[in-house]
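Undergrad: Below you'll find the structure I mean.
Laboratory data are not the source of any read-out in this text; all were calculated from the coordinates shown. This is a predicted model, so every value here is computed, not measured. Neighbour counts run over all protein chains shown; Cβ positions are idealised from the backbone, glycine included.
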Amino acid sequence: MNTFKNIVVILATLLYSSCNESSFLKEKPLDFFSPENSMITKEHFETSLNYLYNQTRYIFCNIDVGTRMAFYYATDFAFNVTDYYNPRQLNDYVNKMVPTDGVTKTIWKETYKLVSNANVILNRINMPNEVEESDKNVIIAEAKFFRAFAYRILAHLYGGVPLILEEISVPRRDYVRATREEVYNQICQDLEEAALMLPDIDNAKDGQVNKQLAQHLLAEIYICLKRYDDAVTMASNVIDYPGLGLMTERFGSRKDEEGDVYWDLFRLNNQNRSSGNTEALWVMQYDYQNPASEKYEMTKWIVPMYKNVMLTQLDENGKEEQVTAFVDITDGKGGNGAAWIQPTDHFFIDIWAKGSDNDIRNSQYNIIRDVKIDNPKSQAFGKWLVKDGYAAGIDPIRIWFPIITKYSRVGNYPEDLWKKDNNGNPMVTAFGEHILISTANQSYKDEYYFRLAETYLLRAEAYIMKNDIANATKDINVIRSRAHADLASENEVDIYYLLDERLRELYFEETRMLTLCRMGRLVEMNRKYNPKTGATIYDYHNLWPIPYSEIERNTEAVLEQNPGYN
């Protein structure tokens, strides 16, 4: 009994003292990672920077597919194929692009993660640590680049958004929106400071952000701020840098095969400077069969479901029967497509109608518009699907449309994706194409974020906006000359010609949604060239809605909604 009383007295004493010692409840992490114990050394900060690279890749590659596709479709370029006949997703703007939709919420949330984690790095680098001063500059520069990159996405899509420039250590519910101009000015400040400290591109590792990349994005943001002379100057800094230049001759891993230099740009191992490519500004790195390397399923999104093409013929008894046109999915036809995104007729037809007969960007190597029927059971075996008229009765939605090869290892899929017969031999079609297993639906290679070709087009845009059509035409013709297309004349160059040239050069590379939103032309171009989305889009859709969940939780201040989204 006395022992029990002594224990009670000891516990009471401890409880009493704990109420008077605030430090007793202060957490000091010892056995788990936190900013306090994991941002001390240079290696710690590099790990944190690696997260920013991974998060950027996640935004464009691995958030749910409906969200990822929104960067490309529901524009003048493409529409959602899976919901074509019963419109939803962004084929139905008025009912999908609303403040409660998951697409707008997810992109907002995941992009602000970049902001938040960049701010942690920028805050912690100024606290006591073991990082050398010379290394701090590069760490600061990379973090500021990613913060600017994130706000670029947010400002283009949503307009003015909350500017958060400090590490958030306690929950806040008092955010207010800065103006779009204020956000663009902050992006400029971050990129200008980053450009001073980032390494030149020829001193950066493959995939690392660099000075010329920061300058490229600065040129775009200067255009947004109507600082057109500054945009021209900044783009010129990139274009004139001695270590950069458009690729104009065949190069790389498959230069001895049939093809052209534009095709070479997108072949395996040809994207990085280490492989001799002087055009790439920033390349998304991929390591095959490395689980830490996020897969990129663009092939799955954009290749048609050609394996489902059915042809009608008469059997030996004169009765109609249906047979598949193709024996299976193959490497020669781009792999296993699910056709989630389909380009518009504006892309497939309109933009190539004039002066593009020899344009290699529209060559048979880059856009496969016809294929041979390879099923020996078909009476049309060996005939051309389109030229010989067999495509006429095929549903053009999802099942068959031209195959874009940028994001496919056409004719060069990894051997472990080849189908094998019972003897372990690779299975091939009668025309020598390897038959593939169903998971052959990714690019399996490095991919571009930005190329120098776009820098020329940004400078051309700045020239157009300052009514210097002569110089704009010169820049556009640099790109068209490399493509072997007819040169543009000054009397046809305007902002619409530029938008078409961006499609011709950057199809599926450019996040078309960001381009049209930043230019305020999303509604106009949908109405002109996308009959599916153009019928459902309203003027206010040039900006995306602020997610309602963000407005609802912001209880201590008013987070204003964009006009039209009541």
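Undergrad: Ranking 533, 41, 248 by Cβ neighbours within 10 Å, fewest first, what do you get? Walk me through the numbers on the way to the answer.
TA: Values: 533 30, 41 13, 248 10.
In increasing order of surrounding Cβ atoms, one gets 248, 41, 533.
Undergrad: Okay, next question. With an 8 Å cut-off on Cα pairs and a minimum separation of 6 or more residues, tell me the relative contact order of the chain in percent. Could you put the intermediate results ahead of the total?
TA: On the way: 961 pairs, mean separation 112.3, N = 566.
Reported as a whole number, the value is 20 percent.
Undergrad: So what is the relative contact order of segment 209-323, in percent, for Cα pairs below 8 Å that sit 6 or more residues apart? Let's see the in-between values first.
TA: Working: 96 pairs, mean separation 16.8, N = 115.
Worked out over segment 209-323, it gives 15 percent.
Undergrad: If you don't mind, another one. Any idea how far apart residue 392 and residue 205 come out in nm if each label point goes 7 Å out from Cα toward Cβ?
TA: Those two pseudo-labels are separated by 5.8 nm.
Undergrad: Rounded to the nearest whole Å³, what is the per residue volume of the convex hull around the Cα atoms of segment 304-346?
TA: Values: hull volume 4.3 nm³, N = 43.
Considering the Cα atoms of segment 304-346, their hull volume per residue is 99 Å³.
Undergrad: Quick check of the Kirkwood formula: for segment 87-170, what is the inverse mean of 1/r over all pairs of different Cα atoms, in Å?
TA: Values: mean 1/r = 0.0678 Å⁻¹.
Evaluated over segment 87-170, this radius sits at 14.7 Å.
Undergrad: From the Cα trace of segment 149-299, what convex hull volume per residue do you get, rounded to a whole Å³? Could the numbers behind the result be given before it?
TA: Values: hull volume 25.8 nm³, N = 151.
For segment 149-299, the hull spanned by Cα atoms encloses 171 Å³ per residue.
Undergrad: Given the Cα-Cα distance of residue 528 and residue 561 and 0.36 nm per residue of separation, how much length would full extension add, in nm?
TA: Numbers: separation 33, 0.36 × 33 = 11.88 nm, distance 2.74 nm.
Difference between extended and current length: 9.1 nm.
Undergrad: Still on this structure: Run down the lysines and flag those whose C-alpha is under 28 Å from the C-alpha of residue 255, throwing out any fewer than 8 positions away in its chain.
TA: 205, 295, 300, 333, 372, 406, 419, 445
Undergrad: Now for a separate question. Where Lys and Arg each count +1 and Asp and Glu each count -1, what net charge lies around residue 234 among other residues with Cβ under 12 Å from its Cβ?
TA: Combined, the nearby Lys, Arg, Asp and Glu give -2.
Undergrad: Would you mind computing, in nm to one decimal, how far apart the modelled labels at residue 540 and residue 494 are, each placed 7 Å from Cα along Cα→Cβ?
TA: Each label point lies 7 Å from its Cα, and together they span 3.0 nm.
Undergrad: For 247, 427, what ranking results if the residue with the fewest other Cβ atoms within 10 Å of its Cβ goes first?
TA: 427, 247
Undergrad: Going 7 Å from the Cα of residue 290 along its beta-carbon direction, which residues of segment 434-457 have the amide nitrogen within less than 14 Å of the resulting point?
TA: 444-447
Undergrad: Where in segment 428-459 does the amide nitrogen come within less than 15 Å of the point 7 Å from the Cα of residue 278, taken along Cα to Cβ?
TA: 452-453
Undergrad: Sticking with the crude label model, points 7 Å out along Cα→Cβ, report the distance from residue 369 to residue 179 in nm, one decimal please.
TA: Result: 4.8 nm between the two label points.
Undergrad: For a quick check: sort 142, 510, 297 by the number of other beta carbons within 10 angstrom, fewest at the front.
TA: Working: 142 25, 510 22, 297 18.
So the residues, fewest neighbours to most, are 297, 510, 142.
Undergrad: Express in nm, to one decimal, how much length is gained between residue 100 and residue 467 on full extension, taking 0.36 nm for each residue of separation and deducting their alpha carbon distance.
TA: 128.0 nm
Undergrad: Here is a further query. Give the residue from 241, 513, 84 lying farthest towards the positive end of the charge dipole for the chain; charges sit on Cβ (+1 for Lys and Arg, -1 for Asp and Glu) and the dipole is referred to the Cα centre.
TA: 84
Undergrad: Less than 16 Å apart at the alpha-carbon level, and either on another chain or at least 8 residues along: which lysines does that give for residue 377?
TA: 307, 319
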